[in-house]
1. Assuming GLN58 fulfils every condition listed in (1) modelled with pLDDT of 95 or more; (2) in a loop (DSSP other than H, G, I, E, B); (3) of a type outside the set (Phe, Trp, Tyr) apart from one, which condition is it?
2. Show the residue pairs that are 6+ apart or on different chains and have beta-carbon atoms under 9 Å apart, the first residue being within the stretch 8-22 and over 20 Å from GLU64 (Cα atoms), the second being charged (D, E, K, R).
3. When ALA77 is evaluated against the numbered criteria (1) closer than 23 Å to SER12 by Cβ; (2) among the small types (Gly, Ala, Ser); (3) not in a strand (DSSP E or B), which criterion, by number, is the only one it fails?
4. Among the numbered criteria (1) in contact (Cβ under 8 Å) with a residue 12 or more places away in the chain; (2) loosely packed, with under 13 Cβ neighbours inside 10 Å, which single criterion is violated by ASP84?
5. For the stretch 51-81, how many residues meet the condition of being farther than 19 Å from PHE4 by Cβ, among the hydrophobic types (A, V, I, L, M, F, W, C) and surrounded by 11 or more Cβ atoms within 10 Å (Cβ to Cβ)?
6. Which pairs turn up if I take residues in the stretch 93-107 that are free of Cβ contacts under 8 Å to residues at least 24 places away in the same chain and at positive phi and look for partners that are charged (D, E, K, R) and assigned to a helix (DSSP H, G or I) with beta carbon separation below 6 Å, at least 6 apart in sequence or on another chain?
7. Being touching a residue at least 12 places away in the same chain (Cβ under 8 Å), more than 14 Å from LEU53 (Cα to Cα) and assigned to a loop (DSSP other than H, G, I, E, B) is the filter here; which residues of the stretch 23-35 pass it?
Amino acid sequence: MYSFISEPNGLSQWFADDVNFRDQVYTFTWDDEQLKAKLVSIKENKLVKFKWLDDEPQCYFEMEIVQDELTNDVALAITDFTTDDLLAEKKLIWDNQIDYLISVLGA
């Protein structure tokens, strides 16, 4: 699952139409819109954290792979710090994106 949250090819299978990576900056493309995010933190096989370049300083999103020690079930935890006026929209977007990821993974 780590490649689906950290690599351009994996992210383009579920998160955006196209993803490019250069100099620690990911360019995400949806239809004709491009947004850029800086990779600010990474933990191999565990977590990636992005900061949108054109957003408020406190706004970022993080995707973390969490594995239950007892059952070995794997989950993807999403943390998206955003402004209050965008909260409902972001929840809807993430719900749709996660549903799509589940279908890509065949889970």
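1. For GLN58, the exception is condition (1).
2. Within 9 Å, the pairs are ASP17/ASP31.
3. The number of the failed condition is (3).
4. Tallying (1) in contact (Cβ under 8 Å) with a residue 12 or more places away in the chain; (2) loosely packed, with under 13 Cβ neighbours inside 10 Å, ASP84 fails exactly one: (1).
5. Count: 4.
6. Nothing qualifies.
7. The answer is ASP31, and nothing else.
The values are calculated or read from the model by the stated rules, or taken from the named source; none is laboratory data. Since we're looking at a predicted model, the values are computed, not measured. Because the Cβ atoms are built from the backbone with ideal geometry, glycine has one as well, and the counts that use them run over all protein chains shown.
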